[in-house]
Each structure stands twice: as structure tokens, then as C-alpha cells.
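I'd like to ask some things about the structure below.
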Amino acid sequence: MINYFSIEENMKGKVAFMTGGTTGIGRACVRIFVEAGVNVVFVGRSVEKGRQLEETLNTLGKGKAVYMECDVTNYDRLKACIDETARQFGRLDTLLNCAGYFPAQKPVDAVSIEDYTKLLRTNLVPYFVTAKAALPYLRRVRGSIINIGSVLGTLGDEGAAAYCAAKGGIHTMTRSLAIDEARFGVRVNEVKPGHINTEMFEKTTSEQADPEGFIKYSDGLQWMERGGEPEEIAFTVLFLASDWASFITGEDIHVTGGFNIGEGPKPKNPFLSWAPMEVK
């Protein structure tokens, strides 16, 4: 039966677990879900940011926010946090995977095996770990998984072979999980952001010799000629978690301002440069 209630009525009282919840897109998702009446447990490494966000959101009188300290590469701790979420609230309706980082861009011959492995352990493996831990709970309520991927997971990018490999893995894992879990009524979808104005982007911008030029270049990658805001991703995630998206599974939703469509110039990134590595 289709639920015609508002999205707030639809989501009120449900329970979500989110990784990467202390900064950027993840933080926006925590806030938007709590404001919709969802009880949200979120994890991240920054205790100060996590506690501050928890305190702020719990003054709203809407959903409850619970912060748990966790590095997503600590897989045992990550699973324990999911189990504790289900124990505290008696259910789990939504899993959002958002934690990850974008490393310095450089050609593959300048990337060490250790750096490549570290990136996969942070940006890809935790998505598998959380899904494995959360699915027994999600199946009980016909819940959903939303994975934050990237437009680069299908398009690729300069100097980002490792990052794009991880995001490409998220893309295909999302579709495979959607096939497996359809029999249990669990929906699995991916949101693919483009250039979003997060703390990570601000940090990258501050490291450029020409910050204004870098912003102009980055904004120009979208047909809408601007970067997106974290909340614009969060609203899409909330929609996918709700019954409003009850017939959507296995999809990758692009929230990119047009980054991934049409034809246009493909200039080499003027903010990147490197010489070929010598064979020794």
C-alpha cells in the first residue's frame, strides 16, 4: 500500500545509522534526518564535532541524535555501533554509508601500494562491513541502504585512479546488493554527488596558489556553473530512505548540477601537473 503522508510523517520515529556524520555531506544528512523526526546514530572520528552536533540537534525536540566515536577502518567497532543502535532503539530502518576521503591527485605510478590499499580500506570496505552488519535488522522492517558514491565512480578523473576504483566498487556493489536483497524487501541505492561545497573542498581550495581560479574551474565543471551544497545531497538521501521511493532500488541518483550530461570541452585540469616517471 502506498503511503501518501508527508515525508516527515513518513519518517518520524524511524531509526538511521550513518557513517561520516561529523562533517560535510554526512553531517548535513544527520541534521536533515533528525529534523524530519528520525532517530539518528552517527559515527565519525572527531569527538568534539560529534558531541557538538549531537547536543545542537537534541535541542530541536524532533528526532534523537546519538554520536558514537568510530574510525570506519576499525571494522569490529563499526559492527558494534550498528548492533548498539538496534539495541537502543529496537530497530534499524536506514543505513547511510558516507565516510571517505579524496586523496591528493597524482598519476598511478606515483601512488604506493600502501596508499592504494589504505584508500580502499577507508572508502570501500566499510560499505561492505556496515551492510553485512545492518542487513539482519533492515530485513525485519524492509528498510533501505543508501551509499554515497561519486560521479567519478563512472566517469573517472585525472590523477584519481585509486579513488575512482573505490567509487566504482560502490556503484557495482550497490546494484548487486539490490538484486540480492529484493527478496527481503530491502532497497539499496546510491547517490552520486558532483562537486559539493564541503570542508574537504575548502581545504583543497586553500592549498591552491590561485584559490579563486580553482573555485571558478570547479564550478565550471557543472552545466549549472556552481558547486552543490551538502543539504542538496541530504534531501535526496532522505527521499530515498522514505516510502516515497518505495519502488526505487539498484539506482544511482546523480546530484551533480549536470556534471555528467551532455557534451562540452574537456580541458586538462590546470591545477594539476606532473612529469612522466622515469623507468629505472
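The values are calculated or read from the model by the stated rules, or taken from the named source; none is laboratory data. All values reported here derive from a predicted model rather than from experimental measurement. A quick note on method: Cβ atoms are made from the backbone with ideal geometry, for glycine too, and the neighbour counts reach across all protein chains shown. Surface areas here come from the heavy atoms of the whole protein model, side chains and all, with no ligands, DNA or RNA. Shrake-Rupley method; radii C 1.70, N 1.55, O 1.52, S 1.80 Å.
Confirm whether Ala134 is crowded, with 17+ Cβ neighbours inside 10 Å, under 17 Å from the mean Cα position of the chain (by Cα) and either touching a residue at least 40 places away in the same chain (Cβ under 8 Å) or closer than 17 Å to Leu95 by Cβ (or both). Walk me through how you get there before you give the answer.
Numbers: crowded, with 17+ Cβ neighbours inside 10 Å: yes; under 17 Å from the mean Cα position of the chain (by Cα): yes; either touching a residue at least 40 places away in the same chain (Cβ under 8 Å) or closer than 17 Å to Leu95 by Cβ (or both): yes.
Criteria met by Ala134.
If I go through region 123-150 residue by residue, how many of them are closer than 15 Å to Ala161 by Cα and of a type outside the set (A, V, I, L, M, F, W, C)? Give the derivation first.
Narrowing region 123-150 to residues closer than 15 Å to Ala161 by Cα: 123-124, 149-150.
Checking the rest, the ones that are also of a type outside the set (A, V, I, L, M, F, W, C) come to 123, 149-150.
Total satisfying the criteria: 3.
Contact list please: Cβ distance under 7 Å, first residue in region 198-226 and closer than 22 Å to Gly258 by Cα, second residue among the aromatic types (Phe, Trp, Tyr), pairs at least six apart or on different chains.
Hits for this filter: Met200/Phe102; Thr205/Phe214; Phe214/Phe271; Tyr217/Phe271; Leu221/Phe259; Gln222/Phe259.
State whether one or more residues within region 200-212 are loosely packed, with under 13 Cβ neighbours inside 10 Å, aliphatic (A, V, I, L, M) and in a loop (DSSP other than H, G, I, E, B).
Yes, some residue in region 200-212 is loosely packed, with under 13 Cβ neighbours inside 10 Å, aliphatic (A, V, I, L, M) and in a loop (DSSP other than H, G, I, E, B).
If a residue has to be over 22 Å from Arg45 (Cα atoms) and open to solvent by 40 Å² or more (accessible area, probe 1.4 Å) to count, how many in region 96-109 make the cut? It would help to see each step written out before you state the result.
First, the residues of region 96-109 that are over 22 Å from Arg45 (Cα atoms): 105-109.
Restricting the remaining residues to those that are open to solvent by 40 Å² or more (accessible area, probe 1.4 Å) gives 105-106, 108-109.
Summing the residues that are over 22 Å from Arg45 (Cα atoms) and open to solvent by 40 Å² or more (accessible area, probe 1.4 Å) in region 96-109 gives 4.
Could you look through region 222-251, keep only residues that are among the aliphatic types (A, V, I, L, M) and surrounded by fewer than 18 Cβ atoms within 10 Å (Cβ to Cβ), and pick out the one that is modelled with the lowest pLDDT? Break it down stepwise before answering.
Restricting attention to region 222-251, the residues satisfying the condition of being among the aliphatic types (A, V, I, L, M) are 224, 233-234, 237-238, 240-241, 245, 248.
Now drop any that are not surrounded by fewer than 18 Cβ atoms within 10 Å (Cβ to Cβ), which leaves 224, 248.
On the way: Met224: 93, Ile248: 98.
Here the residue is Met224.
Out of curiosity, is Leu120 open to solvent by less than 20 Å² (accessible area, probe 1.4 Å) and aliphatic (A, V, I, L, M)? Explain how you work it out, then say what you get.
Values: open to solvent by less than 20 Å² (accessible area, probe 1.4 Å): no; aliphatic (A, V, I, L, M): yes.
The answer is no for Leu120.
Ok, one more. Would you confirm whether or not region 80-95 contains a residue that is within 22 Å of Phe247 (Cα to Cα), under 14 Å from the mean Cα position of the chain (by Cα) and buried (at least 19 other Cβ atoms within 10 Å of the Cβ)?
yes
Might you check whether a residue that is touching a Leu at 6+ places or on another chain (Cβ under 8 Å), of a type outside the set (S, T, N, Q) and assigned to a loop (DSSP other than H, G, I, E, B) occurs anywhere in region 243-256? Don't jump to the end; show me each part of the working.
Taking region 243-256 first, the residues touching a Leu at 6+ places or on another chain (Cβ under 8 Å) are 248, 253.
When the remaining residues are screened for being of a type outside the set (S, T, N, Q), the result is 248, 253.
Narrowing the set further to residues that are assigned to a loop (DSSP other than H, G, I, E, B) leaves 248.
Yes, because at least one residue in region 243-256 is touching a Leu at 6+ places or on another chain (Cβ under 8 Å), of a type outside the set (S, T, N, Q) and assigned to a loop (DSSP other than H, G, I, E, B).
I need the full set of residues from region 54-74 which are open to solvent by 80 Å² or more (accessible area, probe 1.4 Å) and either in contact with a His (Cβ under 9 Å, 6 or more places away or on another chain) or touching a residue at least 24 places away in the same chain (Cβ under 8 Å) (or both), in order please.
Correct list: Lys62, Lys64, Glu69.
Is there any pair with a first residue in region 5-32 that is at positive phi and a second that is assigned to a loop (DSSP other than H, G, I, E, B) and not basic (Lys, Arg) whose Cβ atoms are under 7 Å apart and which are 6 or more apart or on different chains, and what are they?
Gly13/Gly37; Gly20/Cys98; Gly20/Ala99; Gly20/Gly100; Gly24/Thr198
So, of the residues in region 252-267 that are in contact with a helix residue (DSSP H, G or I) (Cβ under 9 Å, 6 or more places away or on another chain) and closer than 14 Å to Tyr217 by Cα, which turns out to be least open to solvent (accessible area, probe 1.4 Å)?
Among those residues, the one meeting the criterion is Phe259.
When you scan region 63-182 for helices (runs of 4 or more DSSP H) that lie fully inside it, which ones turn up with 3 or more residues that are modelled with pLDDT of 95 or more? Write out each step before concluding.
Numbers: elements: 75-89, 113-123, 125-141, 152-155, 161-181.
Helices (runs of 4 or more DSSP H) meeting the threshold: 75-89, 113-123, 125-141, 161-181.
Within region 204-218, does at least one residue satisfy the condition of being modelled with pLDDT under 95 and under 21 Å from Asn123 (Cα atoms)?
Looking through region 204-218, at least one residue is modelled with pLDDT under 95 and under 21 Å from Asn123 (Cα atoms).
Out of (1) in a loop (DSSP other than H, G, I, E, B); (2) more than 13 Å from the chain's Cα centre (by Cα), the odd one out for Arg51 is which?
For Arg51, the exception is condition (1).
Could you list, in sequence order, all residues of region 75-113 that are basic (Lys, Arg) and in contact (Cβ under 8 Å) with a residue 12 or more places away in the chain? Talk me through it step by step, then tell me what you get.
Initial filter on region 75-113 (basic (Lys, Arg)): 77, 79, 87, 91, 106.
Once the filter is applied, which keeps residues that are basic (Lys, Arg) and in contact (Cβ under 8 Å) with a residue 12 or more places away in the chain, region 75-113 yields Lys79, Arg91, Lys106.
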